[in-house]
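Visitor: Below: one structure in structure tokens.
The values are calculated or read from the model by the stated rules, or taken from the named source; none is laboratory data. Nothing here was measured: the structure is a model prediction, and the numbers come from that model. Cβ coordinates were reconstructed from backbone atoms using ideal geometry, including for glycine residues, and neighbour counts include every protein chain displayed.
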Amino acid sequence: MRRAVCLGLAFGALLLAGCGKENDAGSAASRDLVPLNPAAAPLDAASGKRPAPGAANSSGSGAVGTAPPVPAGAPLVVFLGDSLTAGLGLPVDQAFPAVVAEELARRGRPIRVVNAGVSGDTTAGGLRRVEWVLSQHPAVLVLALGANDGLRGLPLDETERNLRGIVEKAREAGAHVLLCGMLIPTSYGPQYQEGFGRLFPRLAKEERLPLVPFLLEGVAGRKELNLEDGIHPNPEGQRILAANVLPQLEAILASPAASWR
């Protein structure tokens with residue numbers, strides 16, 4: 001593949017362990033993690049608690065009372081993902097969805113953000129809970145699932161079918177979709193690795209979706225950009241993830257064909 005994706009068997013094993021095991025209970029818990037009120041801060045994925053007043057808000061714009069308010073009519077962007085999106089081990093305002101919102105606000109393009117990342121989630125879990133997420137009527141759904149599918153060796157056709165199902169439901173709800181690609185190490189052999197890596201570009205092409213080729217570009221395998229577990233990005237790593245997502249998301253928001261709620 002065109003990138004150095006041989007992150008090592010140890011990295012794959014750590015990521016599989018660190019992301020947790022997806023189950024129905026974990027997906028159902030997204031009802032607590034993702035508030036129906038977009039102005040309410042989601043629960044911190046690590047502590048299970050909402051940020052303390054003055055710590056952060058769902059716009060990712062910093063401390064309450066010091067950041068300019070996000071206009072009520074600003075487009076709502078929901079990030080549907082796993083522990084990478086949830087910012088496992090970090091306050092919610094340091095996860096990349098909040099960093100994206102902060103940077104867009106700085107550029108004069110404020111958005112409302114909901115971090116719908118659930119640690120351990122697979123594409124199947126995302127498909128089960130996407131209707132609940134879409135009930136908030138987002139303008140954009142950033143789809144960042146699939147890492148746990150790959151690291152568990154789940155059948156590629158199932159992963160693809162789940163992703164297509166999420167895209168279909170999002171479009172039916174009137175949301176634009178930004179797809180975030182993922183790569184995996186060689187734990188399951190080169191054939192599976194290559195098939196997994198090709199899945200996201202093919203899906204983006206066939207569904208005519210904007211694509212972030214590799215969400216963890218510049219972060220995966222770099223000790224200084226990850227927490228002590230070696231696989232979940234630290235605050236600096238999360239900022240790089242945000243930088244990977246920003247160009248495509250900003251292009252969607254700037255599109256003259258886009259109509260925001």
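Visitor: Evaluate the following for LEU163: is it buried (at least 22 other Cβ atoms within 10 Å of the Cβ), without any contact (Cβ under 8 Å) to a residue 60 or more places away in the chain, in contact with a strand residue (DSSP E or B) (Cβ under 8 Å, 6 or more places away or on another chain) and not aromatic (Phe, Trp, Tyr)?
Guide: yes
Visitor: Something else: Hey, does segment 82-98 have a residue that's outside any loop (DSSP other than H, G, I, E, B), closer than 14 Å to LEU246 by Cα, among the aliphatic types (A, V, I, L, M) and at pLDDT 95 or above?
Guide: For segment 82-98, residues outside any loop (DSSP other than H, G, I, E, B), closer than 14 Å to LEU246 by Cα, among the aliphatic types (A, V, I, L, M) and at pLDDT 95 or above: present.
Visitor: Now for a separate question. Specify the residue that is farthest from LEU156 (Cα to Cα); the eligible residues are those in segment 201-226 that are surrounded by 15 or more Cβ atoms within 10 Å (Cβ to Cβ), modelled with pLDDT of 95 or more and out of contact with any strand residue (DSSP E or B) (no Cβ under 7 Å at 6 or more places or on another chain).
Guide: Selected residue: GLU217.
Visitor: Could you grab me the full set of residues in segment 161-176 that are closer than 24 Å to PRO97 by Cβ, assigned to a helix (DSSP H, G or I) and of a type outside the set (S, T, N, Q)? Reasoning before the result, please.
Guide: Step one: list which residues in segment 161-176 are closer than 24 Å to PRO97 by Cβ, which gives 162-176.
Filter once more, keeping what is assigned to a helix (DSSP H, G or I): 162-172.
Within segment 161-176, LEU163, ARG164, GLY165, ILE166, VAL167, GLU168, LYS169, ALA170, ARG171, GLU172 meet the criteria.
Visitor: Then there's this: Give the residue, chosen from ALA251, ALA242, that is surrounded by 18 or more Cβ atoms within 10 Å (Cβ to Cβ), modelled with pLDDT of 95 or more and assigned to a helix (DSSP H, G or I). Walk me through it before giving the result.
Guide: Values: ALA251 fails: surrounded by 18 or more Cβ atoms within 10 Å (Cβ to Cβ).
Only one candidate qualifies: ALA242.
Results for (1) more than 17 Å from the chain's Cα centre (by Cα); (2) part of a loop (DSSP other than H, G, I, E, B), shown as yes or no for each residue.
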position	(1), (2)
THR159	no, no
LEU178	no, no
SER187	yes, no
ARG198	yes, no
GLU206	yes, no
LEU209	no, yes
